[in-house]
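**Q** The structure is given below, and queries will be raised subsequently.
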Amino acid sequence: MLVSKNLYRKSSKTQKIRCEICSNYCRIAENSVGICRQHKNINGELFDLSYGIVSSISPDPIEKKPLNHFLPGTFTYSIGGFGCNMTCLYCQNYIISHEYEKFREGIKIQPETIVENALKYNCKSISWTYNEPTIHLPFNMKTSLIAKSKNLKVIYVSNGYMSSESLGEILNFVDAFNIDLKSMSPKFYKKLCGADLDVVLDNLKRIYDSKKHLEITNLIINGYNDSVEEIELLCDFVADELSADVPLHFSRAFPYYKMRNITPTDEEILFEAQKIAYKKGIKNVYLGNI
């Protein structure tokens, strides 16, 4: 499907397209794709190759997203796709984010069918989750608008690496976010994720200022982002730049993808992180994967 022309720009000099869906701002040559491998330059136009193709669909408890303060006790209809706009070496969902071509084909489904399924299973919302939803913006926007017409809420579980342009559109149809704040170290983001920390922090502030529901998840990895100093920095950002009312989830990492040499996160570190967050004034702190 052709991507909205609001989200890419042509260059008459280089014949490349500048994709503006995420903050990678990929410059894509003719017959090539960007970092996420979902958008292709075909005859000078940007096409979404994965429109209507998903990796997984399932009703889930909303707390599994995790969202503990948005429609608690309800089910959400979860939809995941393929690909990602980050290159996290420890990706916990790498099979659908980075190595999906080695596995099975996707599920073809129309936006109307997703909404029908959500209503069939008595879900109160739909969730774009499992992989990074921003890279599927044309598909999830259309589906979400249909869902909202049926009084379903819309949730984004995201790495927060949207472009400024796409976040403006996303805020028009998303009701709640869980954003993965991976670290407070620019070096961590650059080396392990291929991304820019400042973009994520700016987007978090913009989401919070929009009055949308926001919760944050931090995956703690032994030896990488588990120091007291870094956890304190993250808690200070949440409490001072956002609000102490924003729920914070600390989650346990396991050896996956290109970081199979790490050990599962020590549970004691998660309990210590929770104590630090409470001392910093954060009101709602949760632990995951323990």
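The values are calculated or read from the model by the stated rules, or taken from the named source; none is laboratory data. In this text, all values refer to a predicted model and were calculated from it rather than measured experimentally. Here the Cβ positions follow ideal geometry from the backbone for every residue, glycine too, while neighbour counts run over all protein chains shown.
**Q** Looking at (1) within 15 Å of the chain's Cα centre (by Cα); (2) under 20 Å from ASN117 (Cα atoms); (3) of a type outside the set (Val, Ile, Thr), which is the one condition that is false for GLU132?
**A** (2)
**Q** Tell me, which residue of segment 165-188 that is free of Cβ contacts under 8 Å to residues at least 24 places away in the same chain and over 25 Å from LYS64 (Cα atoms) is surrounded by the fewest Cβ atoms within 10 Å (Cβ to Cβ)? Explain how you work it out, then say what you get.
**A** Filtering segment 165-188 for residues free of Cβ contacts under 8 Å to residues at least 24 places away in the same chain gives 168, 172, 186-187.
So of that shortlist, the ones also over 25 Å from LYS64 (Cα atoms) come out as 168, 186-187.
On the way: GLY168: 13, PRO186: 12, LYS187: 9.
Only one residue fits best here, namely LYS187.
**Q** OK, next. Taking the stated definitions as given, is ILE96 at pLDDT 95 or above and among the hydrophobic types (A, V, I, L, M, F, W, C)? It would help to see each step written out before you state the result.
**A** Numbers: at pLDDT 95 or above: no; among the hydrophobic types (A, V, I, L, M, F, W, C): yes.
Considered against the rule, which asks whether it is at pLDDT 95 or above and among the hydrophobic types (A, V, I, L, M, F, W, C), ILE96 comes out as no.
**Q** If a residue has to be in a strand (DSSP E or B) and modelled with pLDDT of 95 or more to count, how many in segment 54-86 make the cut? Show your work before the answer.
**A** From segment 54-86, those in a strand (DSSP E or B) are 54, 56-61, 75-80; that's our starting set.
Narrowing further to those that are modelled with pLDDT of 95 or more: 54, 57-61, 75-80.
Of the residues in that region, 12 qualify.
**Q** Looking only at segment 169-183, decide whether some residue is more than 14 Å from the chain's Cα centre (by Cα), modelled with pLDDT of 95 or more and more than 23 Å from PRO138 (Cα to Cα).
**A** Among the residues of segment 169-183, at least one is more than 14 Å from the chain's Cα centre (by Cα), modelled with pLDDT of 95 or more and more than 23 Å from PRO138 (Cα to Cα), which makes the answer yes.
**Q** Quick one: in segment 189-230, which of the residues that are part of a loop (DSSP other than H, G, I, E, B), in contact (Cβ under 8 Å) with a residue 24 or more places away in the chain and not charged (D, E, K, R) is surrounded by the fewest Cβ atoms within 10 Å (Cβ to Cβ)?
**A** Going through segment 189-230, the residues part of a loop (DSSP other than H, G, I, E, B) turn out to be 194-196, 210-212, 221-227.
If we keep only those that are in contact (Cβ under 8 Å) with a residue 24 or more places away in the chain too, we end up with 194-196, 210, 212, 221-226.
Filter again for not charged (D, E, K, R), leaving 194-195, 210, 221-225.
On the way: GLY194: 16, ALA195: 23, SER210: 15, ILE221: 23, ASN222: 15, GLY223: 10, TYR224: 21, ASN225: 22.
Residue satisfying both the conditions and the ranking: GLY223.
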